[in-house]
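Visitor: First, the structure itself, so that you have it in front of you.
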Protein chains: 2
Amino acid sequence: MKGMSRTQGDRVEARARKSGEAAESLRAEEELAREAWAPLFELIQEQMRQFPVLAAEFELSPVQAHALRMLGYEPQPMSALAGHLSCDASNVTGLVDRLEGRGLVERRNAEHDRRVKLLCLTEAGQEVRRRLMERMAEPPAAISALSSAELRMLRDVMRRAVEKLGAPGGKPD
Amino acid sequence: MKGMSRTQGDRVEARARKSGEAAESLRAEEELAREAWAPLFELIQEQMRQFPVLAAEFELSPVQAHALRMLGYEPQPMSALAGHLSCDASNVTGLVDRLEGRGLVERRNAEHDRRVKLLCLTEAGQEVRRRLMERMAEPPAAISALSSAELRMLRDVMRRAVEKLGAPGGKPD
DNA sequence: TCTCAATGGTTGAGAATCTCAATTGTCGAG
DNA sequence: CTCGACAATTGAGATTCTCAACCATTGAGA
């Protein structure tokens, strides 16, 4: 009921050791989390498998699509994009080269620091991104086949879940 | 295995046109599906981002990890793996070369057809796969932070959702 | 039986993606 | 002003990917 943010793992086990019943209950909850995670993970795998196909609809590689998604908000330095993509900075250079070559992205100099280059979408880039995001917002068959009641539950629970992630990118637009 | 992806949209609208009320209800349900999908998609993006890191824990590339996951059941021909990975057959050759080079996978000749080579995990491969799967079954913080009631709902709804996928790989083990 | 199109896998060319190490230009603290 | 830190780039080398061409085998039909 009170779904306070609860950093699990060690802390949970430490508390659990204080009482046999509590320990049992917590282990049950952990098991429950695994059970809930399993089908979710199935869906994720399926989506991961399809993502390259989806990106190809826009003649983008998976990484390019991901990058485009991340560049939707305000201009970001290359290093920030590298962070979002969890990859080396040197990787981003070539990636941006190709996106820039296609006229989807622009490098601009930051006035406060001449080392950094800010990435922003061009008009064309914004348009492609808009269509891409729209396409990605289409729920897959597995989801849209659920009943209204199920959808409502799913929505509410998942909203509460992602709230706890700190929500690095997803609200605007 | 043709175009399952786009089914719902058009068909829903076609049915909707038959009745004003029904149309409204269906549009509402579609909107609901989008609302439920959005936070789910957030989570998926986050997991996709983390997957390479997770695979690296086992010194595997993302594709290798995915392949290992798919090879858990019975021996499969290379073409089947290509299908699971949604990639060209020629791609699988090199991939399997490297996995075989590491002693995780074996090519065996199928007796019923001398063209096909069946892929099976070695002992070492099974062990790595076991640990990999165990690691992937750990729910992320966003999920395990939910309450028991929420987890139960999520589990039940998601189980019903993935049932409709035909479940190509996920039960055994 | 012989032929031949289709199939499973491999090879080679070429592009994109990735990491690591080294480089260049810039910033900021001592 | 100097020096370590930082942003981005470059270059080498590995992996992943697609496409086209290829080889061996299969299965079916003349």
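Visitor: Rounded, prolate or oblate: pick one for the stretch B:81-132, where a ≥ b ≥ c are the square roots of the eigenvalues of its C-alpha gyration tensor, a/c under 1.5 means rounded, and failing that, prolate if a/b is larger than b/c, else oblate.
Guide: Details: a/c = 1.89, a/b = 1.29, b/c = 1.47.
Verdict is oblate for the stretch B:81-132.
Visitor: Here is a further query. Hey, what do the phi angles of the stretch B:90-98 turn into as Karplus ³J(HN,Hα) couplings, whole Hz, using 6.51/-1.76/1.60 and θ = phi - 60°, x for Gly and Pro?
Guide: Once rounded to whole Hz, the list reads 5, 5, 5, 3, x, 4, 5, 3, 5.
Visitor: Another one. Provide the per residue accessible area, probe 1.4 Å, for the stretch B:62-165, rounded to a whole number of square angstrom. Provide the component values of the computation, followed by the final result.
Guide: On the way: 5360 Å² over 104 residues.
Value returned for the stretch B:62-165: 52 Å² of accessible area per residue.
Visitor: In whole Hz, with x marking every Gly and Pro, tabulate ³J(HN,Hα) for the stretch B:111-126 from phi via Karplus 6.51 cos²θ - 1.76 cosθ + 1.60, θ = phi - 60°.
Guide: After applying 6.51 cos²θ - 1.76 cosθ + 1.60, I find 6, 7, 7, 6, 7, 7, 10, 8, 9, 9, 6, 7, 3, 4, x, 4 Hz.
Visitor: Follow-up. Taking H placed 1.01 Å from N in the peptide plane, check which residues at least 5 places from B:Q76 or on another chain put their amide H under 5 Å from its amide H.
Guide: The answer is B:L119.
Visitor: Could you tell me the accessible area of B:E100 in Å² (1.4 Å probe, neighbours in place), rounded to the nearest ten?
Guide: Roll a 1.4 Å probe over it and B:E100 shows about 70 Å².
Visitor: Now a separate question. How well do other chains shield peptide B:132-141, expressed as the mean number of their Cβ atoms within 10 Å of each residue Cβ?
Guide: Details: counts 0, 0, 0, 0, 5, 5, 6, 11, 7, 8.
Average per residue, whole number: 4.
Visitor: Just check the stretch B:77-173 against the gyration tensor rule for me: Cα atoms, a ≥ b ≥ c as the square roots of the eigenvalues, rounded for a/c under 1.5, and otherwise prolate or oblate depending on whether a/b exceeds b/c.
Guide: Values: a/c = 2.90, a/b = 2.00, b/c = 1.45.
It comes out prolate by the Cα gyration axes.
Visitor: Can you list the HN-Hα couplings for the stretch A:46-57, worked out from phi with the Karplus curve (6.51, -1.76, 1.60; θ = phi - 60°), rounded to whole Hz and with x for Gly and Pro?
Guide: 4, 5, 4, 5, 7, 4, x, 5, 4, 4, 5, 4
Visitor: Using a 10 Å cut-off on Cβ to Cβ distances, tally the other chain neighbours for every residue of A:82-95 and report the average as a whole number.
Guide: On the way: counts 0, 0, 1, 2, 5, 1, 0, 0, 0, 0, 0, 0, 0, 0.
Taking the mean over all residues of the peptide, I get 1.
Visitor: Then there is this: Between chains A and B, what is the buried accessible area in Å², counting both sides, with a 1.4 Å probe and ligands, DNA and RNA left out, to the nearest 100? Before the final figure, lay out each step's value.
Guide: Values: alone 12920 and 13010 Å², together 19880 Å².
Rounded to the nearest hundred, the buried surface is 6000 Å².
The values are calculated or read from the model by the stated rules, or taken from the named source; none is laboratory data. Keep in mind it's a predicted model, so treat the numbers as computed, not measured. Neighbour counts are summed over all protein chains in view; Cβ atoms, including those assigned to glycine, are modelled from backbone coordinates with ideal geometry. Surface accessibility is based on the protein's heavy atoms, side chains included, excluding ligands, DNA and RNA. Shrake-Rupley method; radii C 1.70, N 1.55, O 1.52, S 1.80 Å.
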